[in-house]
């Protein structure tokens, strides 16, 4: 079955081609069916691969080479897929959650003219993401990396007639590209120092030549460069500002790309390269600090946002920060665990918000919502489950994964733990603020909107229910050590990636940590309830105003980076382009003209003059011929 | 007579012919100076023919005269025709090459 | 000095002075006459160099035919010293200097050339018999082609020199 792994990206590619070429002629529902079926077929093949990998007869990573991609001199990079536990897990997440979102989109995008085009882009995205996780070397991963960036651009700017949306798409793509430069430099460093980009060869060389020649500086540089790529793709400080603006795209896009899959590419990359990162402890330290800082920073902003999708966007940035924190303390499997649970509940939350927006006829401001629970029962219940999961309430998936992260952080350095708990507190607070303001209390919208309120169609509610169930049971694959000896996910992944367990916590410490985090979360939920019972939306002042304006980071980037570059290019246009290059090119033309004007004087038409010049030429030829050239 | 004397004589006649083409403005006189140059070369060829005791140089002189004769006939025909148009043989006026 | 050298120097002086006369005289007819004298002196040099045939041909073709042609044209245009145009002094000076430089350059180049001595009582390659033999065996093709050359020159001269006929009757009937 693993030999058929090429089928997994092939189905979405075919779906993209069919929908992409015929989007004007294919009827809308058929386009939706094609797109969803393509991903479903991939899901089935991924299931088969998963069970094969899980079985005892599977030995080690399987490399399936499709063709020789680059073969030039000593450089040999094949286009190959690597099937092992890590990639098969990600395959399931991508195709599974992707399939649910495709089904959801068939209803959500039903009135849109370009619905078939939308499904083509979605399929292309799934294809690129699958390439990313299946790649057997950094180059194939990079192809997928760029591909998802492209599809993100296409999908964010899907309603292209709106200037703000296309600007948001540009912003996403450009910030991604800045990160990609780091990734590319990292790849080149690997190639230069080790001569290969394939995972197995590279990690083999790393482990073999641990003390040979290459300094630890090199590992750190490579790791940092790759991590810069991850900050761009996974929206960490400083390259995170594109994610909230990316909410301009349709909600299912936000669910798929910016919650469940694309933004987790950075995590996957670092988990895949854990051999490298373990040998570069300084970089791990940086990763942890940036992850933690991002988690805190984004949480503070989310507290004061009024757009339902923006809250969720900042929540995503914050949760990604948690995942990077986990990677930074060496808990690679934990980070992957949180990727999985986060995919479930974040996709659920986004799809739920999509349902709300659909019911409100396009309204996204939560100040105009309230009391929606009465009419949108299913949405309310599933949304509540999602909020409980993200806040880390015991029994749901988020609790297990988040607690594992907190425990690993504590084992590494208690300071990290305390700050992470603060971030978790804020997470609980803003999520439940969102929930209470949206679904409880009195309705604050207009009469028209009140009449329009209705529960979403089945194609939208079924994925919500499925994801809600997954958010509940998804955590039981990773029970902590104090409850059960067997960590299913950890042992499954151990063939490709393991946690670094340096300090082992005592059972009592673990129980204490768990109870602390649960308690503070519950306190914050009650606090959120009390604050938002009588919501009062006066314009923000002071510190609240800073939070509402996202700490003015966008304005800072604009002033420090964008303006100077624009001024520089205006300057270059005025001087280098107009005076310099244009002057040079036009000057060549002008000098040719001037020269020909002068030479034209030679053509006097006077025969006597011509004879004179002939005689002079003769003299010159004689002189040169007799005295210079050796006869 | 050493052959250098013939070389000097021939070159002197040749250069006088060149000075003539440069100094005069009358097209016909210029033509005549060209004939003078051709003759100077003929003289030199004959001298070399005696030096090497080879008669092919004299054959060359023969053909040179042939060409000179043909050239004169055509050239003078052209000058006559121009004269009919412009009524002058001043080369400053015969400057149709300019266009 | 033997008779040979006296004759050589005499003919040389005659040639150069008449050449100077060609380029310096104002009257075009005088120029033509000076040129004829130059041709005669060159023919004299040919005889000294044992090229008898060429000497005679030179006189017949050049002095006899070509110069007569020149005279005809000059007479036709009625040129004389009054209407003779003169170039500016500067241009004349430039021309003289250019010619002089050419003379010096060639002289300097050929000064150190290796040459064979000329024999006085030498071969009879200049005799008509021997010249004719070479002409008709080794160079027979150029010889024949030169006849075509003459033909084309004749046709060209006639075509160029034809007056435009302004009284042609149109070919179509009335």
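Can you tell me which residue is nearest to the chain's Cα centre (by Cα) among those in the stretch B:79-99 that are in a helix (DSSP H, G or I) and within 14 Å of chain A (Cβ to nearest Cβ)? Reasoning before the result, please.
Going residue by residue through the stretch B:79-99, those that are in a helix (DSSP H, G or I) are B:79-86, B:96-98.
Add one more test, that the residue is within 14 Å of chain A (Cβ to nearest Cβ), and what stays is B:79, B:82, B:86, B:96-98.
Values: B:79: 16, B:82: 21, B:86: 25, B:96: 23, B:97: 22, B:98: 24 Å.
That would be B:79.
Restricting the stretch C:12-31 to residues that are within 9 Å of chain B (Cβ to nearest Cβ) and closer than 17 Å to residue C:55 by Cβ, which is farthest from the chain's Cα centre (by Cα)?
This residue is C:12.
Please pick out the residue among C:40, C:34, C:53, C:72 that is assigned to a helix (DSSP H, G or I), more than 7 Å from chain B (Cβ to nearest Cβ) and surrounded by fewer than 16 Cβ atoms within 10 Å (Cβ to Cβ).
Residue meeting the stated conditions: C:72.
Check A:259, A:313 and return the single one that is touching a strand residue (DSSP E or B) at 6+ places or on another chain (Cβ under 9 Å), surrounded by 24 or more Cβ atoms within 10 Å (Cβ to Cβ), touching a residue at least 40 places away in the same chain (Cβ under 8 Å) and under 30 Å from residue A:123 (Cα atoms).
After ruling out the rest, the residue left standing is A:313.
Of all residues in the stretch B:53-78, how many are more than 7 Å from chain C (Cβ to nearest Cβ) and farther than 20 Å from residue C:61 by Cβ?
The qualifying residues number 1.
Residue C:66 - would you say it is facing another protein chain (nearest Cβ under 7 Å), surrounded by 12 or more Cβ atoms within 10 Å (Cβ to Cβ) and at pLDDT below 90?
no
Taking the criterion of being within 14 Å of chain B (Cβ to nearest Cβ), in contact with a helix residue (DSSP H, G or I) (Cβ under 6 Å, 6 or more places away or on another chain) and at positive phi, would at least one residue in the stretch A:596-611 satisfy it?
Yes, that holds for at least one residue.
Let's see how each residue does on (1) under 22 Å from residue A:198 (Cβ atoms); (2) under 22 Å from the mean Cα position of the chain (by Cα); (3) at pLDDT below 80; (4) assigned to a loop (DSSP other than H, G, I, E, B):
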| residue | (1), (2), (3), (4) |
| --- | --- |
| A:9 | yes, yes, no, no |
| A:15 | no, no, no, no |
| A:32 | no, no, no, no |
| A:43 | no, yes, no, no |
| A:47 | no, no, no, no |
| A:57 | no, no, yes, yes |
| A:66 | yes, no, no, no |
| A:78 | yes, no, no, no |
| A:90 | yes, yes, no, no |
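May I ask you to list the residues in the stretch B:36-48 that are more than 7 Å from every other protein chain (Cβ to nearest Cβ) and without any contact (Cβ under 8 Å) to a residue 40 or more places away in the chain?
Within the stretch B:36-48, the first condition is being more than 7 Å from every other protein chain (Cβ to nearest Cβ), and the residues that meet it are B:37-38, B:40-42, B:44-45, B:48.
The answer is B:37, B:38, B:40, B:41, B:42, B:44, B:45.
Is it true that residue B:78 is under 20 Å from residue C:15 (Cα atoms) and at pLDDT below 95?
No; evaluated as a whole, the condition is false for this residue.
Would you check if residue B:31 is free of Cβ contacts under 8 Å to residues at least 60 places away in the same chain, more than 7 Å from every other protein chain (Cβ to nearest Cβ) and either closer than 16 Å to residue A:608 by Cα or in contact with a strand residue (DSSP E or B) (Cβ under 6 Å, 6 or more places away or on another chain) (or both)?
So residue B:31 fits the description; yes.
Quick one: count up the residues across the stretch A:34-54 that are surrounded by fewer than 17 Cβ atoms within 10 Å (Cβ to Cβ) and farther than 18 Å from residue A:88 by Cα.
1
Is there a residue being buried (at least 17 other Cβ atoms within 10 Å of the Cβ) and under 30 Å from residue C:116 (Cβ atoms) anywhere in the stretch B:87-96?
Scanning the stretch B:87-96, I find no residue that is buried (at least 17 other Cβ atoms within 10 Å of the Cβ) and under 30 Å from residue C:116 (Cβ atoms), so the answer is no.
Does the stretch B:17-26 hold any residues that are buried (at least 24 other Cβ atoms within 10 Å of the Cβ) and part of a helix (DSSP H, G or I), and which are they?
Scanning the stretch B:17-26 gives B:17, B:18, B:19, B:20, B:21, B:22.
Go through the residues of the stretch B:12-26 one by one and say whether even a single one is under 26 Å from residue C:8 (Cβ atoms), facing chain C (nearest Cβ under 7 Å) and over 13 Å from the mean Cα position of the chain (by Cα).
Going residue by residue through the stretch B:12-26, those that are under 26 Å from residue C:8 (Cβ atoms) are B:12-20.
Filter once more, so that each one left must be facing chain C (nearest Cβ under 7 Å): B:12-13, B:15-16, B:18-20.
Pick out the ones that are also over 13 Å from the mean Cα position of the chain (by Cα) and you get B:12.
Yes.
Of all the residues that make up the stretch C:80-94, how many are at the interface with chain B (Cβ under 7 Å from one of its Cβ atoms) and either under 21 Å from the mean Cα position of the chain (by Cα) or modelled with pLDDT under 80 (or both)?
4
The values are calculated or read from the model by the stated rules, or taken from the named source; none is laboratory data. The shown structure was predicted, so the numbers you read here are calculated from the model rather than taken from an experiment. Backbone-built Cβ (ideal geometry, glycine too); neighbour counts: all protein chains shown.
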